[in-house]
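Notes to accompany the following structure.
The values are calculated or read from the model by the stated rules, or taken from the named source; none is laboratory data. Treat the numbers as computed from the prediction; the structure is a model and nothing was measured. Counting neighbours? That spans all protein chains shown, and the Cβs are built from the backbone with ideal geometry, glycine included.
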Amino acid sequence: MINKLRELKSFEAFNFFREMNEIPRGSGNEKAISDWLVKFAKDRNLEVIQDSALNVIIKKPGTQGYENAPTVILQGHMDMVCEKNQGTVHDFDKDPIAFIVDGDFLRANGTTLGADNGIAVAFGLAILDANDIPHPPIELLVTTEEETGMGGAMNLDPTNLNGRMLINIDSEEEGTLLVSCSGGVRSRMSVPVQHEDAVEGYKTIAVRIRGLKGGHSGMEINKERGNSNKLMGRFLMDLNAVVDFKLASLNGGAKMNAIPREADAIILVREEDIAKVESKASEWNKVFANELQGIDPDLNLKVENIEENVTRVFAEDSKIKVLRMLFLMPNGIKTMSMAIKGLVQSSTNIGVVTTTNDAVVFDSAVRSSVKSLKKAICDEMIVLTEILDGSIEFESDYPEWQYNANSQIRTVFENVYENIFGNKPHISAIHAGLECGLISDKFNGEIDQISFGPNIYDVHTPDEHISISSVDRMYNYLLEVLKEIK
C-alpha cells in the first residue's frame, strides 16, 4: 500500500494514518492512541499537553517569516466507530486495521477504516513533522470520544490554546466548506394518565402507520418526510370528533434523533362504530397520500381487529390531554436560514412516543444554529406541558456554531480554492452537531472556524472508504491555505 502512495505529496499523511490504525482507538478506548500522540510530540521536542479527558494539544512555532503570524488550530478527533461485517474476524481492542488499495480508494478488510477522523490527525502530524512546509504557529488539537457524545471537546480547557483561528478537518465532501452547525437539546415531555376499567361491548382495534421512509432528524428534516407520530395524532384527533373510542396505548418511533417511520395506537370502539373507523382510515390515507406524494409514496394507515384482552383504558380526560399533546407538539422545520440558502436553521422532531404504566412520554430532538431559536422551541414545549398538566425535562444540551458573516478564515479558504481549482467552493452548513459548536462555546463565540475534508464514503460502516486522490488534493489545499496566513 505504502509503495503505491509514495509519489504523492500527501505520502507522509498516509503513512501516519497507517501507523495510527495499528493502535486501538475506538471511542472510549483512546488511552493508547493518546499516549502515542504525546510520544510523537516529545520525540520531536514539540510542546505537548495531554489533559484529563486524554485530549492532546501539540504546538509548533511558525516557520521562518511566519513567526508573528496568527496561531492556527488544526483540529480533529482521534477516536473512530468500530463496526465490522458479520463473519469478519477482528478484535478492535488489539488488531490493526488492514488497508486495501482499490483503484483510487483506500478501504479496510470488512471493518470501518477510521478515516473518520484519523485522516485529520494524519494531516496535522505530517505538517508538524515536516521541515519544508511554510506555516504560521500551529496548535494541533486532537479530541476524544467525538463519536459518542463529543466528550473530549466538552471537557476541553480553552486556556490551553492560544489560537483564535481553527480549521476542523472532519468534513467528508471535497469542495464543500462548512461554516455553521446546529446546537441541540433533547426534551422528554410526559402526560400523566389515569386509567379506568374497560367496559363490555367494545372491540379492540389496532391503528397502525407503516411505510414511511424516516431518516436522520437533522440531515433529512429538510426533505419534509412524514412523521408517524404526528400523523397518528392528526388521525386520532379527527376520529375522536366522530367516534367514541377508548385509548389503551400509544407508541411510535425507535430513536429520538430519527424521524419515526411507524406508530401504533390500540383503541376500543363499539362494534357498530368499526365501519366509521375504517372509513376515516380510508379518508386519511387519501389525505396523507396527497400531502406526501413524491415524498412518502408507500405510507399506509391501516386498521386491524385484534384479539387482545384489554382490561384498562385511559380515562377520558387523560385521553384528551394525550391527544392534544401529540396534536399540538412542535415538529419539523421551524425556521430557515436567510444567510445560507437551503439551510434549515431550527427544527424539532418527535422521535419516540411511549406508553408507560402511568403516563405517555414524548421524546423530541430540538436543533438550531441560533441559541435563542432553540430556546424558543423549548419554551413552546414548556408552555404546552403546563397547559396539559404534564412535566418536561431537558438533557444533552449542546451548543451551536453560528454563521460568521465576517470570517477571515473562510475568505482565505475561498480565495485559495479558486486559485487552485478555478472555481468557487460550496459554502454550506450542517443541521447537526459538530465539535465546532462546543469549541465555539468554549471561546464564547470569539473564534474563527471552518470545516473541510476529503471525500469519505459510507462512514460508520464496514464499507467506509476514502478517495486517495481527494486526500492528496485536500492536503495540498491545506498547505496552500497555511502559506497564506501571515
Name the single residue that is farthest from the chain's Cα centre (by Cα) among those in region 243-255 being under 18 Å from ARG210 (Cα atoms) and either surrounded by 20 or more Cβ atoms within 10 Å (Cβ to Cβ) or among the small types (Gly, Ala, Ser) (or both).
SER249
When you go through SER364, SER337 one by one, which is the residue that is surrounded by 21 or more Cβ atoms within 10 Å (Cβ to Cβ), touching a residue at least 12 places away in the same chain (Cβ under 8 Å) and under 26 Å from the mean Cα position of the chain (by Cα)?
SER364
Just to be sure, is VAL199 aliphatic (A, V, I, L, M), assigned to a loop (DSSP other than H, G, I, E, B) and under 30 Å from PHE314 (Cβ atoms)?
yes
Suppose we filter LYS9, LYS84 for residues that are at pLDDT below 95, in the same structural domain as SER470 (by TED's automatic domain parsing), under 28 Å from GLN408 (Cβ atoms) and not polar (S, T, N, Q); which single one remains?
LYS9
Listed residues ASN15, ASN29, ASN45; which is out of contact with any helix residue (DSSP H, G or I) (no Cβ under 9 Å at 6 or more places or on another chain), under 21 Å from ALA98 (Cβ atoms) and of a type outside the set (Asp, Glu)?
ASN29
Unmet requirement for ILE430, which otherwise passes all of (1) at pLDDT below 95; (2) in the same structural domain as SER368 (by TED's automatic domain parsing)
(2)
Report the residue count in region 279-290 for those that are touching a residue at least 24 places away in the same chain (Cβ under 8 Å) and either among the basic types (Lys, Arg) or exposed (fewer than 14 other Cβ atoms within 10 Å of the Cβ) (or both).
1
Just the residues that are outside any strand (DSSP E or B), of a type in the set (Val, Ile, Thr) and surrounded by fewer than 22 Cβ atoms within 10 Å (Cβ to Cβ), please, taken from region 296-326.
ILE306, VAL310, THR311, ILE320
Subset of region 103-133 (residues that are under 28 Å from GLY184 (Cβ atoms) and in a loop (DSSP other than H, G, I, E, B)):
THR112, LEU113, GLY114
Which of (1) in contact with a strand residue (DSSP E or B) (Cβ under 6 Å, 6 or more places away or on another chain); (2) under 25 Å from ASP472 (Cβ atoms) does LYS59 not meet, given it meets every other one?
(2)
Every residue from region 134-171 that is surrounded by 21 or more Cβ atoms within 10 Å (Cβ to Cβ), modelled with pLDDT of 95 or more and not in a loop (DSSP other than H, G, I, E, B):
ILE138, GLU139, LEU140, LEU141, VAL142, THR143, GLY152, ALA153, LEU166, ILE167, ASN168
Among the residues of region 284-300, is any β-branched (Val, Ile, Thr) and either touching a His at 6+ places or on another chain (Cβ under 8 Å) or on the phi > 0 side of the Ramachandran plot (or both)?
no
I need the full set of residues from region 367-399 which are within 20 Å of the chain's Cα centre (by Cα), within 30 Å of ALA315 (Cα to Cα) and in a helix (DSSP H, G or I), in order please.
ILE377, CYS378
Flag for MET154 being touching a residue at least 40 places away in the same chain (Cβ under 8 Å), farther than 27 Å from THR461 by Cβ and under 25 Å from the mean Cα position of the chain (by Cα)
no
Residues (aromatic (Phe, Trp, Tyr) and either over 29 Å from ASP43 (Cα atoms) or more than 27 Å from the chain's Cα centre (by Cα) (or both)) located in region 100-129
PHE105
